[in-house]
Every structure is written in C-alpha cells, then in structure tokens.
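Participant: Pasting a structure below so you can have a look.
The values are calculated or read from the model by the stated rules, or taken from the named source; none is laboratory data. Not measured: the values here are computed from a predicted model. Cβ atoms come from the backbone with ideal geometry, glycine included; neighbour counts cover every protein chain shown.
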Amino acid sequence: MAAAETTGILERALSGEALLVEDAVRLLTGPAEELPVLLKAAGEMRDQGHGRRVSFSRNVFLPLTNLCRNRCAYCSFRREPGQPGQHTMTFEEVRRECRQAFRMGCTEALFCLGDRPEALWPSHRKTLRRLGVDSTAEQVAVACRIALEEGLLPHTNAGALTREELAGLKPGNASMGLMLESASPQVVHAGCPDKFPQVRLQVLRHAGELRIPFTSGLLVGIGETSRQRVEALEVLREVSKAFGHIQEVIVQNFRGSKESPRSPGREPSLEEVVRTVAVARLMLGPDFNLQAPPNLNQQGLNLLLRAGVNDWGGLSPLTSDHINPQAPWPRVEELAWTCEQEGFRLVERLAVYPEFLSRPGFLTPTIRRRALEISAGLEVSR
C-alpha cells in the first residue's frame, strides 16, 4: 500500500493541482511497492485527456547529414568527414526516398541531422555549395519543399537553429522539434556548444514566439539525477504554458551501442523509464501529448501504456531509426495488438497534432490544406 504522503500527492495531482518539483521527485524515487498506485493515477489522468486512444505517425526517417559540430559522448549518430558511414543526402536521394515512402502509405517526412556542421568543417561548406545551397538551414528548406511535392508533411529536427532560421523553415514544415534533453548545465558535456540548456531553451522560446508546433523532451540516462529529470519536465511545462506550442513531450531513454561506449550515464532500468513517464504525465496534465519510443522499450510497452503515454511517435515501414539503429521499429500490427490487450485503440496521426489544425497562426495555408487532405484519408490501425 502506498504511503499516506504519496497518496496525498496523487490525489492533489488528479484534482488538477500542479505537481510541485519536490512532490514529483518523491514519486520518481519512491519504493517499488508504490509503483502500481503511481501508474494507476497517471493512467487515469491520461484517460481524462485522451480516452483510450494511442497514436503514431507513419513516417520516413531522412538523415540529411550525420555530420555535427557537437561531440556528445552518448551519440551513435554522429560521424566526421571521411569516417565510415558518413553521408550527406543529395536532393535526388531525398526525392527518391519520399516518393517510395508515399507509395508505402507514409504521411510524414522526418528530417534529422547534426548541428551546423559547416561551422566546423570547411569540406562540408563545399558539399553544400555542390548541392546549390549556402547553409544547412537552406539545405533543410529545399528538402522540405521536395517532401511536400511528393505528398508528405515535413517535420524537422535540425538542432539549435536561430530565430531567423526557424522563421525561414516554418512555411515548409508541419511541425519542428528539438529535445531539451536536460535543463541542468552539469549534464552538458565538453565539445557540445549547442547542448547548453540556455541555448536549447532559447530555441524553444523562439519557436513559441513564431507559433511553430513543436516537439521536445528529455533524455533519461545521460548522467542526470532524478531531480534534474523533474526540473527538465518543469521547464517544458513552463515554456508550454507561456506559448502553447509544445505539441508533444518525449521521454526517451538512453540505449547504449558500440557507437556510444563513452556515455557518462548508464542505461536506465525499465522501472526508471516507466516512473519517469508516469511523473511526466502527472506534471504535464491530462491534455498533453506524451510519447515514449516503442523501439527502445520493446519489453515494457504494456507498462508504458499504464504509465500514461498516448503516443508512440514515428514508425517507418521503409527506414530504420538512424539515431538508435540497434533498436528496430516494432511492426504496426504488433503494436496495435499490444494496445488492444491493454484496452486501447491504435490510430494514425499526422506530423502535426490535430489541435493545431484550427489554431490561427500555427500553420501556413498550404501546410494546413495538405494536412487536412491527408487527415481525411487516415484509417484506424487494428
């Protein structure tokens, strides 16, 4: 049975009272016997806002370049010029992938790339010129136009962009994103100029000012403490309250691979991930879209559903998860079956969540029109 203190915290949260940082830390670090009651409360809160529906986006994962000026110890994506596996996509490759993805029923083009590699390597500046562009941001803009031409809605994760770059990319994107990862400067690692929390928070604020539907989240298992996890969720809650543009929060757990042997943290246990998801739900409230990547938690999908997730993120029938290549996507049919076993219905969504389709200023007429066309054709997955 849960302690009276825990019961009181959960009752206050379910009544609509904002969960305090100290109370959230208490829930995150509580004894194992309190986990069932924590999950029950988080699940009840999710049902208040989302009922028994869990969503995903059928996408194609397009790594425009895996060059990056940051040197995160836990990253398995980054390469340097000349290193095996290093690649920068041509626009012909982008079009070919998007065309095939559209034929396979995908609706989202997920663009993921390293932070501003031209600032570190002159050779990449030459590559950009060969592509006919002057910067990574311009490269992304052209790729987004191609995706739209091929019938997909772009979602861009291009790192710590400036306000001007965000404004330039907004017309070609249904949504954009940047993981906060952590709100603590102590978790930032040497050689990572774009990972300082104040840098990332500035991007989140600029996106809010520009009314861009935005995805963010925290990374669990990179050396942070339980309190620092809660503080990151608190920051995301406050930024969303200020601007109303955070369309989803991802709780992503670090998974090690042979490409990331130097991580300063450790892989979190399933219980840690599930607890963090449950606390995130209780902190963010019933209406927030809360995601946990299913390919990183194949053995805990049932628990994550009970902990309050209402979204699984992007799943691709064509491409792998280039950030975590060691973790293949689950098949949609398998995920739908798991959801049904827990009493949920799996449904497809777009790169932009439905609530933003009718909110003024968030989407250009072209993006909104295309989103409505695609949305009309989506079917529930069973």
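Participant: Would you mind stating whether GLU138 is closer than 14 Å to THR319 by Cβ and charged (D, E, K, R)?
Facilitator: No.
Participant: Here's a follow-up. Restricting attention to the stretch 170-212, report how many residues are touching a residue at least 24 places away in the same chain (Cβ under 8 Å), assigned to a helix (DSSP H, G or I) and in contact with a Pro (Cβ under 9 Å, 6 or more places away or on another chain).
Facilitator: 5
Participant: Of everything in the stretch 85-137, what is among the aliphatic types (A, V, I, L, M), part of a helix (DSSP H, G or I) and at pLDDT 95 or above? Give them in sequence order.
Facilitator: Within the stretch 85-137, VAL94, ALA101, LEU128, LEU131, ALA137 meet the criteria.
Participant: Hey, can you tell me all the residues within the stretch 110-135 that are over 19 Å from ARG71 (Cα atoms) and among the aliphatic types (A, V, I, L, M)?
Facilitator: Result: LEU110, LEU128, LEU131, VAL133.
Participant: Report yes if some residue within the stretch 321-332 is in contact with an Asp or Glu (Cβ under 7 Å, 6 or more places away or on another chain), at pLDDT below 95 and surrounded by 19 or more Cβ atoms within 10 Å (Cβ to Cβ); otherwise report no.
Facilitator: yes
Participant: When only residues in the stretch 207-242 that are more than 17 Å from the chain's Cα centre (by Cα) and of a type in the set (Val, Ile, Thr) count, which is surrounded by the fewest Cβ atoms within 10 Å (Cβ to Cβ)?
Facilitator: Applying the filter and picking the extreme gives THR225.
Participant: Among residues belonging to the stretch 1-17 that are more than 22 Å from LEU304 (Cα to Cα) and among the aliphatic types (A, V, I, L, M), point out the one that is surrounded by the most Cβ atoms within 10 Å (Cβ to Cβ).
Facilitator: ALA3
Participant: Condition test on ARG71, is it surrounded by 14 or more Cβ atoms within 10 Å (Cβ to Cβ) and closer than 30 Å to GLY285 by Cα?
Facilitator: no
Participant: Please specify each residue of the stretch 110-144 satisfying the condition of being of a type in the set (A, V, I, L, M, F, W, C) and either farther than 23 Å from PHE61 by Cα or buried (at least 23 other Cβ atoms within 10 Å of the Cβ) (or both).
Facilitator: Within the stretch 110-144, LEU110, PHE111, LEU113, ALA119, LEU120, TRP121, VAL140, ALA143, CYS144 qualify.
Participant: Are any residues in the stretch 138-169 in a loop (DSSP other than H, G, I, E, B) and touching a helix residue (DSSP H, G or I) at 6+ places or on another chain (Cβ under 8 Å), and if so, which ones?
Facilitator: Selection gives GLU150, GLY151, LEU152, ALA158, ALA160, LEU161, THR162.
Participant: When the stretch 213-234 is examined, which residues are found to be assigned to a helix (DSSP H, G or I) and of a type in the set (Phe, Trp, Tyr)?
Facilitator: None - no residue of the stretch 213-234 is assigned to a helix (DSSP H, G or I) and of a type in the set (Phe, Trp, Tyr), so the list stays empty.
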